[in-house]
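Working notes, structure below.
The values are calculated or read from the model by the stated rules, or taken from the named source; none is laboratory data. Only a predicted model underlies this, so the values are computations on that prediction, with no experimental measurement involved. Here the Cβ positions follow ideal geometry from the backbone for every residue, glycine too, while neighbour counts run over all protein chains shown.
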């Protein structure tokens, strides 16, 4: 009898049930899409944010020393401290190697440029452009074309094994040189293959392969600093703790979390005689962007579920009002409030299951489209999301139906059957 009453309810009030089901489906679809994207968004947003450049810098540890005795600063001259280029390959053997998107060594060298009859004191920056490297069985390519994607070159990029150079666009105008011209440094001629636009200090420099800068400096294998682009997670209270004050268990948790500080710590342990630090402004801005995007998704999810609950509430209120005579007759035949409530909650649960399953399917499609349109990649849908979505659908439906069902329990059979209610 109970099942028959449920069946007849859906047959007689198809329009009301359909409206309630659509409201549940839409709310659950949005919630499913937002949750699916939010749980898979971290790495994708971090990869997008990597287009803003490096977020870690590695320098010789001597540069960080600050020794003062008797008011006399005995800090070593920073110009004499260098990292070894050969040690940079060890980055691909460190614990967090898979989070390293790329790195670019830097070496600044003072240079004298002869342009016509004029002599100019210019700074030359040596770096990797897109240098192929090997570590064990691994082969990879790294350089400023990975870590500095905003650098724009008119002409061609130099080969890392060549003696070709780039001129910053402001320097090119100053020297009246362009693509295909040559400049003279140290009695040698160098071909300009491109003009660099970086909107930074590099626009006033010569940018050359690292090996050429080391040759001009007379220090083979020398590197002054390394800019590293790494995928990290936003800082929290644990990320800001000093690892020296942590217990072994807390230290393991900190070390195994991809915070900017923990990856910097790993870099510092990997590269001898180095000091690694996060470029704090970049790392903090990335964390803020990620948290705000997730917060926005949470707000959209809550708004969709609230709208769904209100729509269900309106549909159920109308449906129950139309069935007040049925409720009065049930009570007149001996049904108690618990029986009436069970009937309507069973209808709501069935609606929630149907709307939840449909919403889960549509939400998955929506999440896949968001991944394709926004991140140009596939969003991974976690199987554990299905019971969560069904639970949300049931909660929203019950929350929207509770007030109307409570009113139905208060119907007086005599008043209803007489048509006074």
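Among the residues that make up the stretch 348-361, is at least one of them closer than 21 Å to residue 26 by Cβ, modelled with pLDDT under 80 and part of a helix (DSSP H, G or I)? Taking every residue of the stretch 348-361 in turn, none turns out to be closer than 21 Å to residue 26 by Cβ, modelled with pLDDT under 80 and part of a helix (DSSP H, G or I). Listed by first and then second residue, the pairs linking a residue in the stretch 210-222 that is free of Cβ contacts under 8 Å to residues at least 24 places away in the same chain to a residue that is surrounded by fewer than 19 Cβ atoms within 10 Å (Cβ to Cβ) and not in a helix (DSSP H, G or I), with Cβ atoms under 9 Å apart and 6 or more places separating them unless they lie on different chains, are 215/163.
Scoring residue 156 on the criteria (1) more than 24 Å from residue 141 (Cβ to Cβ); (2) surrounded by fewer than 17 Cβ atoms within 10 Å (Cβ to Cβ); (3) without any contact (Cβ under 8 Å) to a residue 40 or more places away in the chain leaves a single failure, condition (1). From the list 301, 270, the lone residue that is assigned by TED's automatic domain parsing to the domain that holds residue 225, at pLDDT 85 or above and either farther than 30 Å from residue 92 by Cα or out of contact with any strand residue (DSSP E or B) (no Cβ under 8 Å at 6 or more places or on another chain) (or both) is 270.
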